[in-house]
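Report on the structure given below.
The values are calculated or read from the model by the stated rules, or taken from the named source; none is laboratory data. Quantities reported herein were computed from a predicted structural model and do not represent experimental measurements. Neighbour counts run over all protein chains shown; Cβ positions are idealised from the backbone, glycine included.
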Amino acid sequence: MTVAEKTRRVRSTQRNPPLPRATAVRWVILAGLIIALELTTRTGLINPTLVVPPSEILARLVSIIPTEQFGLDAARTLTTIVIAFGIGLVLGVPLGVFLWRIPAAGRILEPFIVTGYAMPTLLFYPVLLAAMGLNAGPIILIAASMSLIPIALTTMVALNAIKPILHKLANSVSASPAQYYLKVLFPAATPLIFPGVKLGFIYAVIGTVAMEFILAAQGIGFRAGLYYRELNTSDMWAYIAVVIILSVLVNSGLTWLEKRIRRDML
Amino acid sequence: MSTDLTSPSTPQITAHAGATRSRKLKDNLWRAAVLVALVLIWALLSSMSDLIASPTASVTALGKRFADGSIYRHLDATLQAVAIGFLIAATIGFPLGYAIGRSKFLGAVFDPIVAGAFAIPRVVFFPILLQIFGVGVGAQAAMAALAAVFPIIVSTTAGVRAINALLPKLARSLSLSPLQTVFKIYIPAMAPSLMVGIRIGFSIAFINVIIAEFFAARAGLGLLALRAYGMLDLPTMYGIIVLLAAIALAGNLALWAVERRLGEKA
């Protein structure tokens, strides 16, 4: 609390971009963690067969990234994520609209959709593998099912939260159904739907990498799991680092987009 | 984790008029109808494909596993891992989320870190957990904790920030002790968003335990399902999927009902 009060005072005197000190502290913490990891692994405090020094991870990354195999893995993972997210979006938004349009359906089906968060759809992975083969198909289906849930739920919630006056407005200017959806509902709901879309994308990333990790023929997640089984710790960590960097990039991009969209609303 | 099958929206005897009661009853009947329809679709699909066992065969196979007692070891392992992992995540996540939400400075420092960590598919760290804890419930529980802690932090933080600014003032004017302020003012005010954290935390812990069991385990329902598939014992595999879906549905519905009720009160 005292720290917070101090910073508030600092901020009120500086009036610079939002809390520059916080950003500095954040980077110091992250850098400190990496340095601590480097020191503990170098000195043997942490077993090097468990965690590889960050400098070595970086060295492995530099030699792995230009290889053709990495390009193929990355391309496979990224296309899988995008297709899964695309399916989640194309099915999730209309499902959300349907649940909003027919309130009884929304009320009755909501518990089932909420349970979708906890449904281990990955249990169908072996069957899907048998039906579709060891390719991206089964992973796309499972990641899409994970991505669809938050998108559908937030779409429903967002449409329910639209101010009644907007519906009246659309009515009074006798907007056609297409105009009603595209010019009234869509712009009004987008800022509220976006957090769900963001979560849907993150779930698509998590689902794709996790399924690749368990069993696949290609992909970044698959490679990390493979090197674990081959006891190749440094390459495993290099691929874990790729996964971390990919997720953080995705998250930052979506957060940036979210800020822009929400500013439009305000 | 509560897994009893109490219906979430059992008509409240004390509150509300008969109209709401009959509507709730009707909703629950419709929900039951949806479940029956799902089973019928399943039966139809099973008659079309060899890869899908029929509902009766699956339930019989599951019943056999319960009758000879061979399933309890696996059920125990999975539920234990979920419960321990969730408890660890809650013990770490709630205080941390509270601290981050209360202080503007900590929020500015840690929000992006927590959001970034939330976006990482945490399964990729499972090999390291395996090396630390060995193959067993410990590694699964650690996986669940690692997966559940970030959503719990996120929703707790959101809950603290949503607290009405008047409430801290009320606490001060009543000169409550810090402990009293937390337990009498903050926690009741935050209850709905705490429940969201608990529900999402449970869901994510549950899914991650199953993913981890798919990867490596000594016992667990995920492992059992995978083994059954390996022996082409499809009825048992689908039986376990039904059991897991029932656990997810029951646990989720119970938590969701509590969440709903708290939300209505607030």
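Residue pairs whose Cβ atoms lie under 8 Å apart, separated by 6 or more positions or on different chains, with the first residue in region B:178-194 and among the β-branched types (Val, Ile, Thr) and the second surrounded by fewer than 19 Cβ atoms within 10 Å (Cβ to Cβ), are B:THR181/B:PRO168; B:THR181/B:ALA171; B:ILE185/B:LEU167; B:ILE185/B:PRO168; B:ILE185/B:LEU170; B:ILE185/B:ALA171; B:ILE185/B:LEU176. When B:ALA171 is tested against (1) closer than 30 Å to B:THR78 by Cα; (2) over 23 Å from the mean Cα position of the chain (by Cα), exactly one condition is not met: (1).
Considering the conditions (1) under 19 Å from the mean Cα position of the chain (by Cα); (2) assigned to a helix (DSSP H, G or I); (3) free of Cβ contacts under 8 Å to residues at least 40 places away in the same chain; (4) at the interface with chain B (Cβ under 9 Å from one of its Cβ atoms), A:MET119 is excluded by exactly one of them, (2).
For B:PHE183, indicate whether it is modelled with pLDDT of 85 or more, assigned by TED's automatic domain parsing to the domain that holds B:ARG161 and among the aromatic types (Phe, Trp, Tyr). Against the criterion (modelled with pLDDT of 85 or more, assigned by TED's automatic domain parsing to the domain that holds B:ARG161 and among the aromatic types (Phe, Trp, Tyr)), B:PHE183 does not qualify. For region A:139-157, the criterion of being small (Gly, Ala, Ser) and farther than 25 Å from B:LEU234 by Cα is met by at least one residue. Count of region B:70-125 residues, restricted to those that are away from chain A (no Cβ under 13 Å) and of a type outside the set (Gly, Ala, Ser), is 16. Scanning region A:122-140 for residues that are surrounded by 21 or more Cβ atoms within 10 Å (Cβ to Cβ) and in contact (Cβ under 8 Å) with a residue 24 or more places away in the chain gives A:LEU122, A:TYR125, A:ALA136, A:PRO138, A:ILE139, A:ILE140.
Among the candidates A:LEU128, A:LEU153, which residue alone is in the same structural domain as A:ALA84 (by TED's automatic domain parsing), modelled with pLDDT of 85 or more, among the hydrophobic types (A, V, I, L, M, F, W, C) and in contact with a Pro (Cβ under 6 Å, 6 or more places away or on another chain)? Only one candidate qualifies: A:LEU128.
Here are B:LEU170, B:LEU179, B:LEU194: which of them is under 30 Å from B:GLY116 (Cβ atoms), away from chain A (no Cβ under 14 Å) and out of contact with any Lys or Arg (no Cβ under 8 Å at 6 or more places or on another chain)?
Result: B:LEU194 is the single residue among B:LEU170, B:LEU179, B:LEU194 that is under 30 Å from B:GLY116 (Cβ atoms), away from chain A (no Cβ under 14 Å) and out of contact with any Lys or Arg (no Cβ under 8 Å at 6 or more places or on another chain).
In the set (1) over 22 Å from A:LEU231 (Cβ atoms); (2) assigned by TED's automatic domain parsing to the domain that holds A:MET211; (3) surrounded by fewer than 16 Cβ atoms within 10 Å (Cβ to Cβ), A:GLY96 fails one condition alone, (3).
On inspection, A:ILE34 passes the criterion of being assigned to a helix (DSSP H, G or I) and β-branched (Val, Ile, Thr). Test B:VAL82 against the criterion of being at pLDDT 90 or above and not assigned by TED's automatic domain parsing to the domain that holds B:GLY222, and give yes or no. Spelling it out, it is not the case that B:VAL82 is at pLDDT 90 or above and not assigned by TED's automatic domain parsing to the domain that holds B:GLY222.
Name the one entry in A:GLY96, A:GLY86, A:GLY106, A:GLY92 that is away from chain B (no Cβ under 13 Å), in a helix (DSSP H, G or I) and free of Cβ contacts under 8 Å to residues at least 60 places away in the same chain.
On the way: A:GLY96 fails: free of Cβ contacts under 8 Å to residues at least 60 places away in the same chain; A:GLY106 fails: away from chain B (no Cβ under 13 Å); A:GLY92 fails: free of Cβ contacts under 8 Å to residues at least 60 places away in the same chain.
Criteria check complete, one pass: A:GLY86.
Over 13 Å from A:PRO94 (Cα atoms) and in the same structural domain as A:MET119 (by TED's automatic domain parsing): is that true of A:ALA161 in this structure? Considered against the rule, which asks whether it is over 13 Å from A:PRO94 (Cα atoms) and in the same structural domain as A:MET119 (by TED's automatic domain parsing), A:ALA161 comes out as yes.
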